[in-house]
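> Next up is a structure, given as structure tokens.
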Amino acid sequence: MSEKINTYSLENVSKVIDDGGQRSILNNISLNISEGEFLGLRGKSGAGKSTLLNILGCIDNISSGKIYFEGKDISRYTKKEKILFIRKIGLIFQHFYLIEHFNVFENIALPLRLCGEKKAEIEKKVNLSLENVGLEPDKLRQLPKTLSGGEKQRVAIARAIVKSPKVILADEPTGSLDSENESIILDLLQKIHSDRQGVTVILVSHNPNVIEICSKVIELADGEIVQPFPNFADGGIVESIQK
Ligand SMILES: Nc1ncnc2c1ncn2[C@@H]1O[C@H](COP(=O)(O)OP(=O)(O)OP(=O)(O)O)[C@@H](O)[C@H]1O
């Protein structure tokens, strides 16, 4: 039987920044993230959650250690491999990061256009993504400034899933929303995870209500993984919360 390859495998990942002096913001992080996992990263403000998520998305780089994606060391990627990797990742942020002068259709279509997809294919996928996040087609020609916060985040999620990514990285996806929209977005993330077989979701939040939807949780404190519960899986690194 062939051994299952982890989506991510981190070995002693550290990040040091220079903000007037050398400061370690991630310290010897080692963990495995399996395909299809719904992983939460929690911890207080400044714990290093966003830094770790950005590293997983190749938005930020590491000072030392190794990161393997589907078994391959990402520091050894060729330019072409890096582009292919980026296509497998869908990003969702607290502040949506929609392009304000693009309408909803253009925002969702952007990742596909960057991949050089054909017009008819783009049209089909954008419509499907919009439907998947529960927005009506009449929203497609609207600019982001005419949408509510919850609708903006749904558009951002539609943009994140339009390429059928293998990994979704969500950084405080409900951090700018009221409790009603928070619950809509959390339901949506759960639905995306259960409908899309094999998709790995990694969600960062300091909010316990948000983290509750994850099936595994890692807590970070001062750039290190802390182990808040007595029973550990994965060599003592990853805490599994049985729901
Ligand atoms: N580029 C940078 N330059 C200077 N300091 C940075 C940089 N990136 C992160 N930091 C610092 O690293 C630490 C971890 O930041 P990070 O944003 O990862 O934490 P976090 O757990 O996501 O916090 P929050 O919940 O407030 O977003 C903080 O002290 C932050 O100020």
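The values are calculated or read from the model by the stated rules, or taken from the named source; none is laboratory data. Computed from a predicted structure; not experimentally measured. Neighbour counts are summed over all protein chains in view; Cβ atoms, including those assigned to glycine, are modelled from backbone coordinates with ideal geometry.
> Go through the stretch 173-183 and give me each residue that's buried (at least 19 other Cβ atoms within 10 Å of the Cβ) and either touching a strand residue (DSSP E or B) at 6+ places or on another chain (Cβ under 9 Å) or in a helix (DSSP H, G or I) (or both).
Hits for the stretch 173-183 are Pro173, Glu182.
> Pull up the stretch 194-243, narrow it to residues that are surrounded by fewer than 19 Cβ atoms within 10 Å (Cβ to Cβ) and hydroxyl-bearing (Ser, Thr, Tyr), then point me to the one that is modelled with the lowest pLDDT.
Ser240
> For the stretch 3-16, enumerate the residues that are at pLDDT below 95 and of a type in the set (A, V, I, L, M).
Listed by number, the list holds a single entry, Ile5.
> Among the strands (runs of 3 or more DSSP E) confined wholly to the stretch 1-114, which include 1 or more residues that are hydroxyl-bearing (Ser, Thr, Tyr) and within 12 Å of the ligand (Cβ to nearest atom)?
Ranges flagged: 22-33.
> Are any of the residues in the stretch 176-187 farther than 22 Å from Asn6 by Cα, in contact with a Leu (Cβ under 7 Å, 6 or more places away or on another chain) and touching a residue at least 24 places away in the same chain (Cβ under 8 Å)?
So far as the stretch 176-187 goes, yes, one or more of its residues are farther than 22 Å from Asn6 by Cα, in contact with a Leu (Cβ under 7 Å, 6 or more places away or on another chain) and touching a residue at least 24 places away in the same chain (Cβ under 8 Å).
> Could you give me the residue pairs with C-beta distances under 6 Å whose first residue belongs to the stretch 201-215 and is closer than 22 Å to Lys166 by Cβ and away from the ligand (no atom under 13 Å from the Cβ), whose second residue is outside any strand (DSSP E or B) and not small (Gly, Ala, Ser) wherever it lies, and which are 6+ apart or on separate chains?
Val201/His193; Ile213/Leu186; Ile213/Gln190
> Going through Lys125, Lys163, Lys145, Lys118 one at a time, which residue ends up being touching a residue at least 24 places away in the same chain (Cβ under 8 Å) and surrounded by fewer than 19 Cβ atoms within 10 Å (Cβ to Cβ)?
Criteria check complete, one pass: Lys145.
> From Lys139, Lys152, Lys118, Lys145, which residue is of a type in the set (D, E, K, R), in contact with a Pro (Cβ under 7 Å, 6 or more places away or on another chain) and either away from the ligand (no atom under 16 Å from the Cβ) or at pLDDT 95 or above (or both)? Can you show your working first?
Values: Lys139 fails: in contact with a Pro (Cβ under 7 Å, 6 or more places away or on another chain); Lys118 fails: in contact with a Pro (Cβ under 7 Å, 6 or more places away or on another chain); Lys145 fails: in contact with a Pro (Cβ under 7 Å, 6 or more places away or on another chain).
After applying the criteria, what remains is Lys152.
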